[in-house]
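Heads up: the structure comes next, in structure tokens.
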Amino acid sequence: MLAKYILFFFKYYPYKAGYWEADKNSLDEIISWNSELLTRKFELGFDQHVRYDYKQLLLESDEHDHLRLFWSCEDNEVILHLITPEDDVLLNDKSWRFKGERIYYFINLSVELWENQKLNAVQTYHELDAPESLCMISKGVQPRTNPFCIVDEQTFLKLENHLETKYYIKQIKNGVMIIERAYASLVRK
């Protein structure tokens with residue numbers, strides 16, 4: 001299961017190396033380690049050393065100085081994280097607005113991932129935020145949408161009447177993208 005998600009990301013961003021606690025591991029070792037942890041739905045304990053956690057991948061990118069991919073399990077949910085430094089994607093004007101050309105591939109990678117893999121939600125957020133839990137999303141709480149999210153149609157129907165006017169809604173295969181209007185033109189038609 002894990003390998004198909006990794007290979008999907010490699011179409012956009014090839015594997016560069018293991019990262020942090022995995023810098024001396026091969027790709028096969030990282031996949032094996034993470035697969036075993038995912039099978040057990042492992043969650044790092046508060047007093048456990050990070051060397052027991054999921055191993056991270058560093059990906060190659062011409063657009064981003066540093067791009068990491070890693071997994072975690074929280075409250076019985078498997079979460080896949082793709083992280084880039086905020087300096088790579090935010091404008092330099094303290095507005096918390098994104099550079100369109102820097103998030104273009106993230107938007108379209110997310111749509112392609114959603115349309116071709118089984119996911120429950122795609123959420124985007126700043127470094128000090130965190131994803132909303134699937135439990136809360138299923139109750140109608142809006143996923144993190146900074147600047148976009150993707151949900152299934154049933155979830156969207158729960159959110160639809162509560163969305164701010166700053167969002168553009170785009171139907172995609174198997175779901176709905178909710179994206180800030182300022183970035184709607186970046187979604188492939």
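Just so it is clear, none of the values below were taken in a lab; they were calculated from the coordinates. No experiment lies behind these values; they were computed from the predicted model shown. Don't worry about glycine lacking a Cβ; one is built from the backbone with ideal geometry, like all the others, and counts go over all protein chains shown.
Things to note:
- Couplings 3J(HN,Hα) of region 135-140, computed from phi: 4, 5, 4, 5, 8, x Hz, in residue order, whole Hz [Karplus 6.51 cos²θ - 1.76 cosθ + 1.60, θ = phi - 60°; x for Gly and Pro].
- Taking amide H as placed 1.01 Å from N in the peptide plane, the amide H of residue 74 sits under 5 Å from that of 79, each at least 5 places away or on another chain.
- Listing 75, 152, 47 from fewest to most neighbouring C-beta atoms within 10 Å gives 47, 75, 152.
- Flagged links, alpha-carbon separation over 18 Å, of 118/158; 4/118; 16/55; 24/55: 118/158
- Fully extended contour minus Cα-Cα distance, from residue 10 to residue 101, at 0.36 nm per residue: 30.8 nm
- Candidates 106, 46, 98, ranked by Gaussian network fluctuation over the chain, Cα under 10 Å, top entry: 46
- Centroid-to-centroid, using Cα positions, region 115-150 and region 41-61 are 21 Å apart.
- Over the chain, equivalent-ellipsoid semi-axes from the Cα gyration tensor in Å: 27, 20, 16
- Spin-label model, residue 35 to residue 3: label points 7 Å out along the Cα-to-beta-carbon direction sit 0.5 nm apart.
- With Rh defined as the Kirkwood radius, the inverse of the mean 1/r over Cα pairs, the Rg/Rh of region 88-188 is 0.94.
- Farthest toward the positive end of the dipole of region 85-147, out of 114, 85, 96, is the Cα of 114, where the dipole comes from beta carbon charges about the Cα centre.
- 3J(HN,Hα) along region 22-28: 10, 5, 9, 9, 7, 4, 4 Hz, from the Karplus curve 6.51 cos²θ - 1.76 cosθ + 1.60 with θ = phi - 60°, whole Hz, x for Gly and Pro.
- Hz values of 3J(HN,Hα) by residue in region 3-13 - Karplus curve (6.51, -1.76, 1.60), Gly and Pro given as x: 4, 5, 5, 4, 4, 4, 5, 5, 4, 8, 9
- The slack in the chain from residue 164 to residue 61, taken as 0.36 nm per residue of separation less the alpha-carbon distance, amounts to 33.7 nm.
- Distances between placed amide hydrogens fall under 5 Å for residue 56 paired with 19, 21, 22, all partners being 5 or more residues away or on another chain.
- Close amide H pairs (under 5 Å, H built 1.01 Å from N) link residue 117 with no residue at least 5 positions away or on another chain.
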